[in-house]
Every structure is written in C-alpha cells, then in structure tokens.
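Inspection log for the structure reproduced underneath, given as structure tokens.
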C-alpha cells in the first residue's frame, strides 16, 4: 500500500501527493498488481495460493523502500489478492476491482493519519 514517507507528512504535505496516494495509486495498483496478474495466472496455475503469493510478491516489490516496507506490503498484497478473488467469486470482477481499490485507499488514508499523529 502506497504509504506516505515522512518527508511528505506534516505542514508541507502536498495535496497532489495525497490525491496520488489515496486515489490514483490504489486504482492503478489494484489493476496492475491484483486484477491483471491474478486473472492471467489463474489461467496458467491451478493453485490459488501460488497465484495469491505471486500477486503479493509483485505488490511487495513495487513498495521497495526498505525490507520492512516490502514485508509489510507483501502481507497487505496477500490480503488484497484474497479479497479480490473472494469478492470476484461472489460479486463479479468489476465489483471486486472497486472493493479492493477502496480497501487499498482506506489503508493508505490510515497510513497518512497515523504518521501525522
């Protein structure tokens, strides 16, 4: 999840940066790191667990700021991939995409709030 780095938090925080982290990044990352890889890999790999782990690894690698952040993002990637697969099964791909993007956005909002405290 696109966490805010400390240099962007506080009185100097850019509204553009907030918009990117809370709106753009969750939508783009959900599309490129959950939807596309999961739907592609499910056609090639029978194991849902392996598909989830690959999607989560991509998510973790994208957040290569420190080893801690990569691990944190990998765990978040597992949760987001699982949410996408379960929600898609119950409600279809379009609703699954938006549900995961919203979850991701809420997580990023939480990061901003906790770092500003």
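May I ask you to say which residue of 69, 75 is farther than 15 Å from residue 28 by Cα, under 13 Å from the mean Cα position of the chain (by Cα), modelled with pLDDT under 95 and part of a helix (DSSP H, G or I)?
On the way: 75 fails: modelled with pLDDT under 95.
Answer to the selection: 69.
May I ask you to verify whether residue 64 is touching a residue at least 12 places away in the same chain (Cβ under 8 Å), touching a helix residue (DSSP H, G or I) at 6+ places or on another chain (Cβ under 8 Å) and over 19 Å from residue 114 (Cα atoms)? Let's see the steps before the verdict.
Working: touching a residue at least 12 places away in the same chain (Cβ under 8 Å): no; touching a helix residue (DSSP H, G or I) at 6+ places or on another chain (Cβ under 8 Å): yes; over 19 Å from residue 114 (Cα atoms): yes.
Taking the combined requirement at face value, the residue does not satisfy it.
Got a number for residues in the stretch 1-53 being assigned to a helix (DSSP H, G or I), in contact with a helix residue (DSSP H, G or I) (Cβ under 6 Å, 6 or more places away or on another chain) and at pLDDT 90 or above?
Applying the first criterion (assigned to a helix (DSSP H, G or I)) to the stretch 1-53 yields 6-8, 15-44, 48-53.
Adding the requirement that they be in contact with a helix residue (DSSP H, G or I) (Cβ under 6 Å, 6 or more places away or on another chain) leaves 8, 17, 21-22, 26-27, 30, 33-35, 37-38, 41-42, 51-52.
Now drop any that are not at pLDDT 90 or above, which leaves 21-22, 26-27, 30, 33-35, 37-38, 41-42, 51-52.
Number of matching residues: 14.
What's the number of the condition residue 35 fails, among (1) farther than 18 Å from residue 111 by Cα; (2) more than 13 Å from the chain's Cα centre (by Cα)?
Result: residue 35 passes all but (2).
Scan the stretch 104-115 residue by residue and report those that are surrounded by 14 or more Cβ atoms within 10 Å (Cβ to Cβ) and without any contact (Cβ under 8 Å) to a residue 24 or more places away in the chain.
none
If the requirement is being touching a residue at least 24 places away in the same chain (Cβ under 8 Å) and in contact with a helix residue (DSSP H, G or I) (Cβ under 6 Å, 6 or more places away or on another chain), which of these qualifies: 73, 93?
Details: 93 fails: in contact with a helix residue (DSSP H, G or I) (Cβ under 6 Å, 6 or more places away or on another chain).
After applying the criteria, what remains is 73.
Among the residues of the stretch 54-66, write down those that are surrounded by 15 or more Cβ atoms within 10 Å (Cβ to Cβ) and either outside any helix (DSSP H, G or I) or in contact with a strand residue (DSSP E or B) (Cβ under 6 Å, 6 or more places away or on another chain) (or both). Walk me through it before giving the result.
Let us first name the residues in the stretch 54-66 that are surrounded by 15 or more Cβ atoms within 10 Å (Cβ to Cβ), namely 54-60, 62-63.
Across the stretch 54-66, the qualifying residue is only 63.
The values are calculated or read from the model by the stated rules, or taken from the named source; none is laboratory data. In this text the structure is predicted, and so the values were computed from the model without any measurement. All Cβ positions, even for glycine, are placed from backbone atoms using ideal geometry, and neighbour counts span all protein chains on display.
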